[in-house]
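Below you'll find the structure, written out as structure tokens, and then a few comments.
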Amino acid sequence: MKSSKPSFSRRMDLLAALALMAIFLLAGWKIASRLPAPDFLLLSRQKASATRVLPIAQATASAALVPVRQHSPDGRFDFDARFVTSTPGQAVHAASLVELLDGRLRAVWFSGSREGARDVVIKTSVMDTESLRWSEETTLLDRQHLQQGLWRYVKKIGNPVIARMPDDSLMLWMVNVSVGGWAGSSITWLRSTDEGLSWGIPRRLVTSPFLNISTLAKGAPFFYQDGQIGLPVYHEFVTKFAEILRISPEGRVLDKVRVPGSQTSLQPVVLVSSASQAQIYMRSGLSTTVMASETADAGKTWSATHATAWPNPDSALAGVVTPAGQQWLALNPKPKNREMLTLLQASATGSFEGAIPWVVESSPTPETFLPVSNYERLLSDELQKQGASQAQIQADVASAKRQLCGPATCLQEFSYPYLLQGRDGYLHLVYTWHRSRIKHVRLDPMQALQPDAASPAQSHAASAAY
């Protein structure tokens, strides 16, 4: 009597047929969604031409109050620095920034007891243009709100990226996980039409017709001439690689292009230099240098990923292209640790090779672990300068120690930068300060214009001196 169960070979044939069907479905989905890519939109330059840009001198004179004025550690430039408001004692990270229509700045970041904890929420604050003071922070989104909007369990959230769309609405992308770690992430997006005072229903960004996991965002979006959105993303499941998503104004993924050879690279930053040319700079997960790729056909194809001369300690970068076409990068320029944060300005040819690093913040003892008592004193002095209360100082120092200290020594960290040039002409930089505060730096980019450039060896020697 024959068994009613399929034989082993029949089961294998059935599995093969199902796998083949899945491949055809995936191919069909990608072909159906692949549309001719339009040229890049130089949005920042068009916006600047439509909006009066205040000279730096006028913008300074109009400010009634100023934050703490500081000299850079390398003595080359001055800048204004202030902490974005943050609940004392919380772990904060991954800030991003957008300019509002009235010239104010809105920052978003994640905050909780630690990265990946279930109490992490997305916070926001707004900077007044006259006083340069940040408002009291408010909670923009938490896990419960996200779960209700998505109709699915959310385990943890992080990496909010806020940006202005061509139609002047604000878009917020963020990473969320239902099962597992960050490798199991997907992206959720929300839209605001009132400058971030209220937000629409959270929606999933569908990047795959199957599991739709392991897609994360960190870098700022860019735009195409027909209004489509380019969002740089990365993957961490099994292997790391970078991709560019092309998204419709309604939030639907139209196409995606993987950056060739970007294995182990993540958190891409895209700088658009013309209607057809752009560069990608990426954090390296294994190498100790910044990785890069280029396109000359508006992102239809990208060059093979290659190493640059700039060190990278497996840490995020940020970039911006100003209305005048100047390109800037913010990065940690050391092969190990995130104890120095610098700005680089590209040459007229768009290259950062040989650029002189402008040190925004640095450890007084580079590549040296500080004793706990020295670390406590260092953070307390800086927080006191910013007007923090004694209770706030104690809570922030405790938070930093919890994340960055061992039994006897501590590691300093200035990381996860995000860059923006406002229509006041200033560069605005936000970044994570010792994992306990988000710091905002405002500087006049004209200070950093250099007629000459150093060799990579000279540049690295200059950064190593501080």
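The values are calculated or read from the model by the stated rules, or taken from the named source; none is laboratory data. Worth saying up front: this structure is predicted, and the values here are computed from it rather than measured. Positions of Cβ are backbone-derived with ideal geometry, glycine not excepted, and every protein chain shown enters the neighbour counts. To get the accessible areas, we keep the full protein, side chains included, count just its heavy atoms, and leave off ligands, DNA and RNA. Shrake-Rupley method; radii C 1.70, N 1.55, O 1.52, S 1.80 Å.
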Exercise. What are the residues in the stretch 105-163 that are of a type in the set (Gly, Ala, Ser), at negative phi and surrounded by fewer than 18 Cβ atoms within 10 Å (Cβ to Cβ), if any?
Worked result: Ser113, Ala117, Ser131, Ser135
For this session: List every residue pair whose Cβ atoms lie under 8 Å apart, where the two residues are 6 or more positions apart in sequence or sit on different chains, the first residue falls within the stretch 416-428 and is within 19 Å of Asp102 (Cα to Cα), and the second residue, located anywhere, is in a strand (DSSP E or B) and among the basic types (Lys, Arg).
Result: Tyr426/Arg442; Leu427/Arg442; His428/Arg442
Exercise. Say we look at the stretch 252-274 and pick out the residues that are open to solvent by 10 Å² or more (accessible area, probe 1.4 Å) and assigned to a loop (DSSP other than H, G, I, E, B); which of these is nearest to His306 (Cα to Cα)?
Worked result: Gly261
Problem set entry | Subset of the stretch 86-124 [over 22 Å from Ala316 (Cα atoms) and hydroxyl-bearing (Ser, Thr, Tyr)] | Thr87
Problem set entry | Unmet requirement for Thr207, which otherwise passes all of (1) modelled with pLDDT under 90; (2) surrounded by fewer than 17 Cβ atoms within 10 Å (Cβ to Cβ) | (2)
Problem set entry | Checklist (1) assigned to a loop (DSSP other than H, G, I, E, B); (2) under 30 Å from Arg69 (Cα atoms); (3) open to solvent by less than 60 Å² (accessible area, probe 1.4 Å) applied to Asp194, failing item | (2)
Seminar exercise, completed: Looking across the stretch 275-307 at residues that are hydroxyl-bearing (Ser, Thr, Tyr), in a strand (DSSP E or B) and modelled with pLDDT under 95, the single one that is least open to solvent (accessible area, probe 1.4 Å) is Ser284
Exercise. Consider Ser373 against the criteria (1) farther than 20 Å from Gln447 by Cα; (2) in a loop (DSSP other than H, G, I, E, B): it satisfies all of them except one. Which criterion is unmet?
Worked result: (2)
Exercise. How many of the residues making up the stretch 328-369 are hydroxyl-bearing (Ser, Thr, Tyr), farther than 21 Å from Gly422 by Cα and either open to solvent by less than 10 Å² (accessible area, probe 1.4 Å) or modelled with pLDDT under 90 (or both)?
Worked result: 4
